[in-house]
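A quick write-up on the structure given underneath.
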Amino acid sequence: MTSSQPVLLSSRDDDKGYHFKYTTRLSSPNEPNCSIHLRYLFPPDIYVDPYELQDQLRHPFWLNDTINLEHPVGTSDTLSWTELQVSLVGSEKPDPLIVIPLHTRYGKPTESRVGYITLPQPLGLWRCPLSDTHSPLSSTLFPKNGVHGGESNAIRVPLGLRSHIDQVELGTAVVVTAAFLYLLSVFYTTTHRLYASGEKTKRN
Amino acid sequence: MTLNGHGLLRALSSFNNILLISVAIRIGLILYSEWHDARSVVKYTDIDYRVFSDAARFVLQPSVGNHAQGPLGTWFSVGDPYTRQTYRYTPLLAVLLTPNHWLHPSFGKYLFAACDIVAGILMYRLLVAIVLPSITRTKASRRPSTEESVEDAESSISRQASLLSAVHLLNPLVFSISTRGSSESVLSLLVLLTLYFALKGKWTRTAILLGISTHWKIYPFVYGVACLGVIGSERGAAKGWKGYVGSVVNGRTVRFGLVSAATFVGLGVLMYAIWGYPFLYESYLYHVHRRDHRHNFSPYFYLIYLTYPFEGQPAEELPIWRHVLRSPLISFLPQMVLSVGAGLLFGRRKQDLTFAWFVQTFVFVIFNKVCTSQYFLWYTLFLPILIPQLSISPRWAVLYVAVWFGTQALWLAEAYKLEFLGENVFYGLWVRGLIYVVGHSWVLAGLMQAYRG
């Protein structure tokens, strides 16, 4: 087994907006027979589009079932964390870059204008064959403590304000009703112009 | 006007030239989309095209966990397009796109672009055969006709029809949407075919096409309401309310309704027989109760987001009127009253049918609880045929176009801040949604007042 260990560091390309890339930089020893497997855990605030991953991720991956891509966080369908596993074989270029497109769901409205989502660092598994080919592979977790954590990435997301509910409810109802009544009046005058004059012509 | 301007106008006055240019633009953009998407992370192709293609692949490749769930599903040995998340369309669309997987991945785009072209041809034929001659006849009746003036009139009609068809065929919004892989052009073609046969008085074909259009997407059912009055009025109508009711409900209109309903139900039964409840839910039932909480032009989005039924949230004690206001069904009330009402009010003469359908669709979109840019195509589709019947000064036309575009631009500028810069502009975005409703209502009112029949 090799004495050197891979090192990884993940970061997002931007801390604003609903769409960003989560980039993992790997510094790995050049061992063509070894493979690296990364395990990401994303909180329910994040959704991963499997179809987008198929297009953009150049490595084999496994994603636990993500349903209801369109729902906000905090519904019965969006309470679980998302797990993504990515495999890199040893013949990959040294120090590969793994870029994962992520999206944030709308958060639960609160009294605060912003919320923060913490993205833990992924966990890596480094697997190498022993010199005796009949022996099982040796596996090493990294970071060394083997848990997700370390430096994490915080993403700032805007949140709807619950204090707006009354205004929004009333404002939407008033404007929609006003537009409705306005168009009804235009319907009336247009009908009168188009058809009342036609009936007058017939009578004359 | 410069020589180049004259040459351009002359080129655009020939419908064949317009067709050639339109076809070339679409083929060019589809070829470009293949080149671009292979090299860029940001795709030219719409995400919806991926949804349709994936659904088509699931239909072609049944497997464990992916099989048609209807009573006859096993007979046909096909997969379930609804295995694809967010596929909320008729299974016919997925079936139509199966050549994406055995012929060419861009087959669907070519199909949608072809629908655009055929729609443009239909517009031209409607304008040449029905719309423009009726307007020209009215003007010509005021002066004596000679052989020369008849020829001039025909030539003028052809030129005008070509230019008006170009409003659709050379519209960047239209050709970019179809070449990006959105299926709106299929429904546009179905609706135009329905209108084509309605204006020609072929009511059985109209009824069948209306049934197919409504199967494709529910909203075209409102056009049937306008057709009833036109069908009834063809045999003459008695005066007053009794006469009006008699023109809408009689043997011919009942037959029309039955044929249309039978087509819609027949298609639905066939789809259900093969694909089962998922078809019913995703194609129709989902749209009744959908809660589009993410930002879109409709101002309802923010109310839906703020009152979304989050897990663990205690039920609020509210007066009944607030429960009603928060119901996902409340938006249907003004929308259906205006849309169906416009059909009943303006569906009296065949010459008003295009205007009626235009108004019905415009109000449907304004008052819908969700609205994206593609929805505008549903009513702008009618403009090339409607324009000859409008009397607007250039100044007012510019103002209407400015307000129509301006309210959208106002909203888009704010939406960009929310989506890509993460700024908390929900309230401002909601206000701009209200401005969009007001602005578009004003534009529609102006066009209605400009309609001369």
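Filter the stretch B:185-241 down to the residues that are outside any helix (DSSP H, G or I) and among the aliphatic types (A, V, I, L, M) and list them by number. B:I218, B:A237, B:A238 - these are the residues of the stretch B:185-241 that are outside any helix (DSSP H, G or I) and among the aliphatic types (A, V, I, L, M). Tell me which of these B:S213 doesn't satisfy, since it passes every other one: (1) farther than 19 Å from B:V365 by Cβ; (2) surrounded by 22 or more Cβ atoms within 10 Å (Cβ to Cβ). Going through the list (1) farther than 19 Å from B:V365 by Cβ; (2) surrounded by 22 or more Cβ atoms within 10 Å (Cβ to Cβ), B:S213 breaks only (1).
For the stretch B:329-350, a residue qualifies if it is of a type outside the set (A, V, I, L, M, F, W, C), facing chain A (nearest Cβ under 10 Å) and either outside any loop (DSSP other than H, G, I, E, B) or farther than 17 Å from B:V248 by Cα (or both), and the qualifying residues are B:S331, B:P334, B:Q335, B:G341.
When the stretch B:216-240 is filtered for residues that are farther than 20 Å from B:G453 by Cβ, touching a residue at least 60 places away in the same chain (Cβ under 8 Å) and surrounded by fewer than 18 Cβ atoms within 10 Å (Cβ to Cβ), only B:I218 remains. A:I100 meets the conditions (1) more than 14 Å from every other protein chain (Cβ to nearest Cβ); (2) modelled with pLDDT of 80 or more in every case but one. The failed one is (1).
Taken together, the criteria place B:L97 among residues that are buried (at least 16 other Cβ atoms within 10 Å of the Cβ), touching a Ser or Thr at 6+ places or on another chain (Cβ under 8 Å), more than 14 Å from chain A (Cβ to nearest Cβ) and touching a residue at least 12 places away in the same chain (Cβ under 8 Å). Comparison of B:Y284, B:Y305, B:Y272 shows that the only residue that is outside any loop (DSSP other than H, G, I, E, B), of a type in the set (S, T, Y) and touching a Leu at 6+ places or on another chain (Cβ under 9 Å) is B:Y272. Taking the stretch B:362-453 as the region of interest, the helices (runs of 4 or more DSSP H) fully inside it that hold 1 or more residues being within 14 Å of chain A (Cβ to nearest Cβ), more than 24 Å from B:L338 (Cα to Cα) and out of contact with any helix residue (DSSP H, G or I) (no Cβ under 8 Å at 6 or more places or on another chain) are B:394-421.
Among residues of the stretch B:296-325 that are under 14 Å from A:G160 (Cβ atoms) and more than 8 Å from chain A (Cβ to nearest Cβ), those with a Cβ under 7 angstrom from a residue that is of a type outside the set (S, T, Y) and outside any helix (DSSP H, G or I), sequence gap 6+ or separate chain, pair up as B:F301/B:D292; B:F301/B:H293; B:F301/B:R294; B:F301/B:H295; B:I304/B:R291; B:I304/B:D292; B:I304/B:H293.
B:A356 fulfils the conditions (1) surrounded by fewer than 21 Cβ atoms within 10 Å (Cβ to Cβ); (2) under 19 Å from B:Q335 (Cα atoms) except for a single criterion, (1). Checking the stated criteria, B:V359 turns out not to satisfy the condition of being in contact with a Phe, Trp or Tyr (Cβ under 9 Å, 6 or more places away or on another chain), among the aliphatic types (A, V, I, L, M) and more than 12 Å from every other protein chain (Cβ to nearest Cβ). Can we say A:Y116 is modelled with pLDDT under 85 and either in the same structural domain as A:R12 (by TED's automatic domain parsing) or in contact with a Cys (Cβ under 9 Å, 6 or more places away or on another chain) (or both)? Criteria not met by A:Y116.
From the list A:P109, A:P60, the one residue that fits, being closer than 24 Å to B:F426 by Cα, at pLDDT 85 or above and in contact with a strand residue (DSSP E or B) (Cβ under 8 Å, 6 or more places away or on another chain), is A:P109.
Across the stretch A:160-204, the qualifying residues are those that are aliphatic (A, V, I, L, M) and over 30 Å from A:G107 (Cβ atoms), and the one among them that is modelled with the lowest pLDDT is A:A196.
Residues of the stretch B:146-189 that are without any contact (Cβ under 8 Å) to a residue 60 or more places away in the chain and in contact with a Leu (Cβ under 6 Å, 6 or more places away or on another chain): B:I157 alone. Among the residues making up the stretch A:22-42, those that are within 21 Å of A:T82 (Cα to Cα) and either at pLDDT below 80 or surrounded by 15 or more Cβ atoms within 10 Å (Cβ to Cβ) (or both) are A:Y22, A:T24, A:I36, A:H37, A:L38, A:R39, A:Y40, A:L41, A:F42. Just wondering, is there one or more residues in the stretch B:74-90 that are closer than 30 Å to B:K350 by Cβ, free of Cβ contacts under 8 Å to residues at least 24 places away in the same chain and within 20 Å of the chain's Cα centre (by Cα)? No; the residues of the stretch B:74-90 include none that is closer than 30 Å to B:K350 by Cβ, free of Cβ contacts under 8 Å to residues at least 24 places away in the same chain and within 20 Å of the chain's Cα centre (by Cα).
Residue selection: A:P122 satisfies the criterion of being away from chain B (no Cβ under 14 Å) and either at pLDDT 75 or above or under 20 Å from B:F426 (Cα atoms) (or both).
Every residue, every condition in (1) more than 19 Å from B:L325 (Cα to Cα); (2) within 21 Å of the chain's Cα centre (by Cα); (3) touching a residue at least 12 places away in the same chain (Cβ under 8 Å), yes or no:
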residue	(1), (2), (3)
B:K242	yes, no, no
B:A262	yes, no, yes
B:M271	yes, no, yes
B:H287	no, yes, yes
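Quick check on the stretch B:34-74: of everything there that is in a helix (DSSP H, G or I) and of a type in the set (D, E, K, R), which residue is modelled with the lowest pLDDT? Once the filter is applied, the top-ranked residue is B:R39.
The values are calculated or read from the model by the stated rules, or taken from the named source; none is laboratory data. The shown structure was predicted, so the numbers you read here are calculated from the model rather than taken from an experiment. FYI the Cβ positions are ideal-geometry reconstructions off the backbone, even for glycines, and counts take in every protein chain you see.
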